[in-house]
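A short worksheet on the structure shown next.
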Amino acid sequence: MAGKLCVLHIIPNFGPGGAERLVIDLMEIADKNRFEVAAVSLYPESGTILEKEIKKRGLKVYFLNKHRGLDLRMIPQLYYLFRVLRPDIVHTHRYVLRYTLLPTLFCHIPVRVHTLHNVAQREVDRVGKLVQWVAFRMGNVVPVSISQEVAKTVQAVYGRDIYTPVIYNGIPTSRFILRAEQGNAKNEKNLIVLHIGRFAPQKNHLLLIEAFAMAFKKNPIMQLWLVGDGPLRPTVEKIILEKGLEGNVVFFGIREDVPKLLALSDMLVLSSDYEGVPLTVLEAMAAGKPVVATAVGGVPELIEDGVTGILVSPNNPEALAKGILRLAKDTNLRQRMGRAAQEHTLDRFDISRTAREYEALYLCLLKKCGLV
């Protein structure tokens, strides 16, 4: 539309994940008076929950036909798409810079931004690191870090003189607060420990099961709810059977009603080996739930230990079990931490704040180009 700045988000797909949900939320809450926002998915539609949400919200997304693995056809496809759409800002996520770097240069896209959704050492493979080193070092792409810890890793991997502004992820907090109020009359028979995440090595479900087994021996009214799916699910199911916990662990798979499950839970547990800024932690805090989490990546920047949640050392089942039990035995502590967590999230991590900070960055970079 005439007079508006065109922002184009590029992402591999819209499967379940924090980066994917962030893109959708940023598109919806964008300042429509100044920006026209669309997204490109390299992979074709596959009927995911987030794709259904895109249609429901009426968002503009272009789906390409990427094949698995390195698919160099994406480079000319993106080039022609950029020639047609003529975006002012291309905002990339995950590993897509290997496909967008040349097209954005050849099409003279004024502003190129890349969000690192994880610590730099883990974000992309060797090819991706090489491409991003060139992009960041040449100044063609501005890397945005989602936490101070991620920013440190960016400078450790790509150079200490790299400019990497920090913009924290945000969530639509009202979506979780309303559900939290509706869940106040939850069934008190069981104490619900919730985990949300893909069954993949990063999330360390094996640590979670080990810690829950320890805690369950001392507090047998607990149930563990596991939301998500992934390649390690069969392994986790087998371990749960071996430990005799099958009656106290519930697998929910991928769900659309995460706010409802959070409202019905008593706490969220994060057992990850590494993270950027996990949206599940922010969602739980917005729902007024305390979080027990491993102190990795940007997590300590979200949780104040002993105030809005409990931080434990990574890969330490005893410490994680101790944190779970501390909250399990003290209703007042759970409520107090939950209230503090909710206030903190409302103040600092609403998606509107994230969107305005990105838009301010876009305008600043465009101004440097003499375009606004």
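The values are calculated or read from the model by the stated rules, or taken from the named source; none is laboratory data. No experiment lies behind these values; they were computed from the predicted model shown. Because the Cβ atoms are built from the backbone with ideal geometry, glycine has one as well, and the counts that use them run over all protein chains shown.
Assorted remarks:
- Qualifying position, being surrounded by 15 or more Cβ atoms within 10 Å (Cβ to Cβ) and over 30 Å from LEU116 (Cβ atoms), among LEU320, LEU302, LEU311, LEU333: LEU333
- Of the candidates PRO165, PRO220, the single residue that is modelled with pLDDT of 95 or more, surrounded by fewer than 19 Cβ atoms within 10 Å (Cβ to Cβ) and closer than 30 Å to CYS364 by Cβ is PRO165.
- The combined condition, being closer than 25 Å to ARG233 by Cα, assigned to a helix (DSSP H, G or I), in contact with a Ser or Thr (Cβ under 8 Å, 6 or more places away or on another chain) and outside the structural domain of THR153 (by TED's automatic domain parsing), is fulfilled by ALA319.
- Only listed residue being over 30 Å from PRO110 (Cβ atoms) and modelled with pLDDT under 95, chosen from ASP347, ASP330: ASP347
- Unique match (being under 30 Å from LYS203 (Cα atoms) and out of contact with any Leu (no Cβ under 6 Å at 6 or more places or on another chain)) among ARG126, ARG73: ARG126
- Elements of type helices (runs of 4 or more DSSP H) in the range 1-112, at least 3 residues being closer than 23 Å to GLU256 by Cα and within 20 Å of the chain's Cα centre (by Cα): 18-29, 49-57
- Residue satisfying condition, being touching a residue at least 24 places away in the same chain (Cβ under 8 Å) and surrounded by fewer than 18 Cβ atoms within 10 Å (Cβ to Cβ), within set ARG233, ARG160: ARG233
- Some residue of the range 322-334 being of a type in the set (Lys, Arg), in the same structural domain as SER265 (by TED's automatic domain parsing) and either closer than 17 Å to LEU282 by Cα or in contact with a His (Cβ under 9 Å, 6 or more places away or on another chain) (or both): yes
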